[in-house]
1. Once phi is turned into θ = phi - 60°, what whole-Hz ³J(HN,Hα) does the Karplus curve with 6.51, -1.76 and 1.60 give for every residue of the stretch 14-21, x standing for Gly and Pro?
2. Would you please give the FRET efficiency between residue 70 and residue 144, computed as 1/(1 + (r/R0)^6) with r the Cβ-Cβ distance and R0 = 41 Å, to the nearest 0.05?
3. Answer rounded, prolate or oblate for the chain, using the Cα gyration tensor with square roots of eigenvalues a ≥ b ≥ c: rounded when a/c is under 1.5, else prolate when a/b is larger than b/c, else oblate.
4. Could you identify which residue out of 102, 38, 20 has the top mean-square fluctuation in a GNM of the chain using Cα springs shorter than 10 Å?
5. Calculated FRET efficiency, residue 11 and residue 34, Cβ-Cβ r, R0 30 Å, to nearest 0.05?
6. Quick one: how many lysine pairs does the chain have with C-alpha atoms less than 23 Å apart and a gap of 8 or more or different chains? Give me the count, please.
7. Between residue 185 and residue 124, what is the label-to-label distance in nm when each label sits 7 Å out along the Cα-to-Cβ direction?
8. At 0.36 nm per residue, minus the direct Cα-Cα distance, what do residue 177 and residue 100 gain on full extension? Give it in nm, one decimal, please.
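Where a number appears in this text, it was derived from the coordinates with a stated rule and is not lab data. Keep in mind the model is a prediction, meaning the values are calculated, not measured. Neighbour counts are summed over all protein chains in view; Cβ atoms, including those assigned to glycine, are modelled from backbone coordinates with ideal geometry.
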Amino acid sequence: MSTIVYASSIVEELRRAVDKISVNEAEHLVNLILKAEKVFVAGAGRSGLMGRAFAMRLMHLGIQAYVVGETVTPGIGPGDLLIIGSGSGETQSLIGMANKAKHIGATVALVTVHPNSTLGRLSVTVQLPGSAKDSEDRESTASIQPMASLFEQMLIILLDAVVLRLMDQMGKNAGQMFGRHANLE
């Protein structure tokens with residue numbers, strides 16, 4: 001297959017996958033963000049990169065948002081929200097974060113392929129179709145893509161859709177968000 005045919009196949013996979021996301025789960029995540037004092041985002045590998053992009057957009061909206069592990073990230077507390085992206089829901093470092101956040105009194109939300117995972121049992125979940133990177137099981141959506149690519153792409157699509165929904169709920173537009181864009185570039 002040519003590169004463009006692969007790209008077309010990926011877009012079709014994404015189209016089918018969007019239809020499998022629970023509207024209620026996605027709206028619940030939006031509501032959790034709206035009521036949180038601060039939002040913390042965590043993930044490992046490519047999922048972590050998607051989370052970083054999301055935290056940036058939350059900041060552009062005027063939401064106090066932080067990436068776990070950055071030197072300028074404050075401590076989490078009651079009333080705060082930790083959002084984790086993890087396909088498997090079994091990443092040990094993320095499980096430790098979720099346990100600590102819950103112990104402190106923060107809410108934990110997970111975007112995952114596996115809502116019944118260890119992280120899923122600690123969190124409010126949004127299930128995405130796909131497979132974990134080391135899984136041969138294509139349980140929810142068949143994909144031509146390797147490893148967890150479908151999950152990671154769906155993660156950024158969902159999180160960008162959450163930003164659009166937050167913009168609606170907060171009465172914000174892109175022009176207002178641009179005012180918070182980095183200007184020392």
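1. Per residue, the Karplus-derived 3J(HN,Hα) values read 5, 4, 5, 5, 4, 5, 9, 7 Hz.
2. For residue 70 and residue 144, the calculated efficiency is 0.75.
3. Oblate is the answer for the chain, as a/c is 1.5 or above yet b/c matches or exceeds a/b.
4. For the chain, modelled as a Gaussian network with Cα springs under 10 Å, the answer is 20.
5. The formula returns an efficiency of 0.45 here.
6. 7
7. My value for the distance between the label points is 3.2 nm.
8. Stretched out fully, the residue 177 to residue 100 stretch lengthens by 24.5 nm.
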